[in-house]
Amino acid sequence: MKFGILEIKGKSRIIIDVVSNANDFALKVQNKDATIKCINCVSLETLKNHKEFENRKYIVILENQIFLVEKTSKIKKGYIYNSFINELEILSSWEALPYDIQDQEIQKPQKINRINNLIISRKRINKIKCVKKILDEYDFNNTVICCQNEKSVKDYKKMNSLTNQITIHNNVNNAMIRDVIISFSKSAYDNTLVLDIHSQNVIDLLKNNDIINVINNKNCDKSIILILSYPINLSDEIKNHFHNFIIHSDDFNVNQKRIYEMYCKNTFKHFDDYKKSAECAQPIVISNAENCIQNKIL
C-alpha cells in the first residue's frame, strides 16, 4: 500500500508526495538537511523535556503523524541564579494517509500559474523577505537563484525548505547568468528563477533578450522574479511581461521620483499620493495589468 503525505499549513491541506511508508518520507527530509535526526514513537513532550535529546532538529514519526521540530534551550533569569528551560518549535507537520482514500477536504496540487514579479528595493533584507513571501504564496517546487551579494547568498541559503528545492548560483558574471538561464529554460523541473544581480547585468541581459526569451516561452510553466536595487527605465514592452511591481520606498527623494515616473504614474495621479501610500504600506504591490494596488500586501 502507498501513502500520500499530506502537508498541513494552517487551513491548507495538500498532498506533496506518495511513499511506501512514513519512514521513506522522513529519509527524504534528512537527505535535504543532514543535521536532522529521525526518531520514532517518542512524544513531543518527552523530546522537549528529557536531557537525553540534545538541542537540534528532529523529524518525529508518531504513527501516521510526522513532525519536523527544533529543540532549543532558553535562559530563564532568576533572583539568585539563572536556569534553563527547553523549547520545542514545530517547523512543519504532515500526515501519512492511505493513498486510495478520497478526502473531499484535501486540496489537490494545482498547476502553478506563471507569475512574473519585479521587485525594486535597495535594502537587502527587504528583497529577501519579498522573495520568501512570493515562494511561499505560490508554492513553487524548484527555484533557481542567481545572486551577486555574499550576504544575500547566506540569507537565501536559510530559505531552503522541504517543499521548495532551492539552487543558488553566486559570484556570477554575465556569461554564467546566461548559462543558468538557458539551463533553467530547458529544465523540466525548475519553475521559478530569481535574478538578484547588479543592475548593469540586468540591462545587458534585457538588451540581449535573455530574460525575455524565458518569459515568452509558452511551452513551459516558469516564472521570473527580477530584483532591481534602483529603478531602471525599462521599456513598456519589457514592463508588460511582469504581472506585479513590488516596490519599497527609497530613502532618496530623487529615486522616489524616478520610481513614481517609471512604475507608479498610471496608479497614482500625483507624486505626493504615491509618497503617502509608500509611507503607509511597505512594500507597495501594484498589479501591472490593472494599474491598481493589490489588497494583499507582502
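Miscellaneous remarks
- Of everything in the range 222-261 that is touching a Pro at 6+ places or on another chain (Cβ under 6 Å) and outside any loop (DSSP other than H, G, I, E, B), the residue that is nearest to I212 (Cα to Cα) is I246.
- In summary, N164 fulfils each of the numbered conditions (1) modelled with pLDDT under 80; (2) out of contact with any Asp or Glu (no Cβ under 9 Å at 6 or more places or on another chain); (3) within 21 Å of N126 (Cβ to Cβ) with the single exception of condition (2).
- Boolean, N171 is assigned by TED's automatic domain parsing to the domain that holds K151, closer than 15 Å to L234 by Cα and out of contact with any Pro (no Cβ under 7 Å at 6 or more places or on another chain): no
- If you check K158, K151 for being loosely packed, with under 13 Cβ neighbours inside 10 Å, at pLDDT 85 or above and assigned by TED's automatic domain parsing to the domain that holds N126, only one passes: K151.
- Scope the range 55-80; condition over 13 Å from V42 (Cβ atoms), in contact with a Phe, Trp or Tyr (Cβ under 9 Å, 6 or more places away or on another chain) and either crowded, with 18+ Cβ neighbours inside 10 Å or at pLDDT 90 or above (or both); matching residues: L68, E70
- E45 meets the conditions (1) at pLDDT 90 or above; (2) closer than 30 Å to N142 by Cβ in every case but one. The failed one is (2).
- The one condition from (1) at pLDDT 85 or above; (2) within 27 Å of D155 (Cβ to Cβ) that C264 does not meet is (2).
- Residues (modelled with pLDDT under 90, under 15 Å from L91 (Cα atoms), part of a strand (DSSP E or B) and charged (D, E, K, R)) located in the range 1-42: E7, K9
The values are calculated or read from the model by the stated rules, or taken from the named source; none is laboratory data. The structure presented is a predicted model; accordingly, all values stated were derived computationally and were not measured. All Cβ positions, glycine included, derive from the backbone under ideal geometry; neighbour counts span all protein chains shown.
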